Amino acid sequence: MKKAFTLAEVLITLGVIGVVAAMTMPSLVANYQKKVWVNQLKKTVSVMNQAFQKMLADDGVDSLADTEVFSSIVGNCIASYGYNNSKCTNFYSELKKYLSIVEIGKTGAYKYQYIKKGSIPFYPDNNQNSAKFVLADGTMFIKYNITSAEQKSSYSCSQIRANGGRMCSKMGNITIDVNGERRPNIEGRDIFNFNISSAGYLVPYYGIDDSVYGSGDLSNTWENNIKACGTPGVADAVSNAQYGSGCAARIIDNGWEMDY
């Protein structure tokens, strides 16, 4: 006599599997998406840092302010001035020598939100003429304010280093959307904010270097500012953070993991 499952037993088993899958699938998809964003962010930071270091090496200087690329800026290259602004024209041309830029244009109707649910769109503040530049892999750079001269901290380098910081001066700031105009377009998810250190590396907002540069201590790190990206070790950024400007620092401090 052969034994086998009945049709009812098979259907019940499939039903249980379906319920479990329905319960776990959203979490699996969300975790996968987080890894995609983080991997792209890590890649972009590496690409930018390598480009900056090559600029310094090519010109044999220690500050980006002394490179041909940054010296080509007329005062400030500010995204909100428009993509065809003369202050940025030469800078874009020089930057193409180090980055695979495939598009320089307007942000158009593109907008993004803070990480907190229900928050209103923040950028570009209805300025559809704001500039962007896009790399071959789809990474988009927006909301930048890049200078030709160093912006020095009000604290001395010795003070900064004594308090654990490395950035004594910077060349402005830039916002990165790691997947371009594709959704979710949320700060702290696929959008991240950085300073550009004159020493040639990206410094995340609300990280140690950013805090010591601006405050002289660690009082303004994401860990000490819940509004920047939530509570350390707690996945509450979406509910408690007012914005997500410090999320890049949180990700990097956590070993390139989005734990919120």
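The values are calculated or read from the model by the stated rules, or taken from the named source; none is laboratory data. Source: prediction; values computed, not measured. Glycine gets a Cβ as well: all are built from the backbone with ideal geometry, and neighbour counts include every protein chain shown. Protein only, heavy atoms only, side chains kept; ligands, DNA and RNA dropped before computing areas. Shrake-Rupley method; radii C 1.70, N 1.55, O 1.52, S 1.80 Å.
Filtering region 155-174 to residues that are open to solvent by 20 Å² or more (accessible area, probe 1.4 Å) and free of Cβ contacts under 8 Å to residues at least 40 places away in the same chain leaves 156, 157, 158, 161, 162, 173. Of all residues in region 21-59, those that are small (Gly, Ala, Ser) and modelled with pLDDT under 95 total 4. The residues of region 58-87 that are in a loop (DSSP other than H, G, I, E, B) and among the aromatic types (Phe, Trp, Tyr) amount to a single one, 83.
Please determine whether any residue of region 185-195 is more than 20 Å from residue 34 (Cβ to Cβ), open to solvent by 10 Å² or more (accessible area, probe 1.4 Å) and outside any helix (DSSP H, G or I).
For region 185-195, residues more than 20 Å from residue 34 (Cβ to Cβ), open to solvent by 10 Å² or more (accessible area, probe 1.4 Å) and outside any helix (DSSP H, G or I): absent.
Residues of region 218-232 that are over 19 Å from residue 260 (Cα atoms) and surrounded by fewer than 17 Cβ atoms within 10 Å (Cβ to Cβ): 218, 219. The single condition among (1) touching a Leu at 6+ places or on another chain (Cβ under 8 Å); (2) open to solvent by 70 Å² or more (accessible area, probe 1.4 Å); (3) closer than 23 Å to residue 130 by Cα that residue 62 does not meet is (3).
How about region 175-184: which of its residues are of a type outside the set (A, V, I, L, M) and open to solvent by less than 50 Å² (accessible area, probe 1.4 Å)? Spell out the reasoning first.
Of all residues in region 175-184, those of a type outside the set (A, V, I, L, M) come to 175, 177, 179-184.
Once the filter is applied, which keeps residues that are of a type outside the set (A, V, I, L, M) and open to solvent by less than 50 Å² (accessible area, probe 1.4 Å), region 175-184 yields 175, 177, 179, 180, 184.
Just the residues that are open to solvent by 60 Å² or more (accessible area, probe 1.4 Å), in a loop (DSSP other than H, G, I, E, B) and either modelled with pLDDT under 95 or more than 21 Å from residue 177 (Cβ to Cβ) (or both), please, taken from region 233-260.
First, the residues of region 233-260 that are open to solvent by 60 Å² or more (accessible area, probe 1.4 Å): 233-235, 239-240, 242, 253, 256-257.
So of that shortlist, the ones also in a loop (DSSP other than H, G, I, E, B) come out as 233-235, 242, 256-257.
Within region 233-260, 233, 234, 235, 242 meet the criteria.
Scanning region 200-222 for residues that are outside any loop (DSSP other than H, G, I, E, B), in contact (Cβ under 8 Å) with a residue 12 or more places away in the chain and out of contact with any Leu (no Cβ under 6 Å at 6 or more places or on another chain) returns 201, 202, 203, 204, 208, 209, 210, 212, 213, 214, 222.
Candidates are the residues of region 98-148 that are open to solvent by 60 Å² or more (accessible area, probe 1.4 Å), among the hydrophobic types (A, V, I, L, M, F, W, C) and over 23 Å from residue 248 (Cα atoms); the one that is modelled with the highest pLDDT is 102.
Taking the stated definitions as given, is residue 95 at pLDDT 95 or above, open to solvent by less than 10 Å² (accessible area, probe 1.4 Å) and within 20 Å of the chain's Cα centre (by Cα)?
On the way: at pLDDT 95 or above: yes; open to solvent by less than 10 Å² (accessible area, probe 1.4 Å): yes; within 20 Å of the chain's Cα centre (by Cα): yes.
Considered against the rule, which asks whether it is at pLDDT 95 or above, open to solvent by less than 10 Å² (accessible area, probe 1.4 Å) and within 20 Å of the chain's Cα centre (by Cα), residue 95 comes out as yes.
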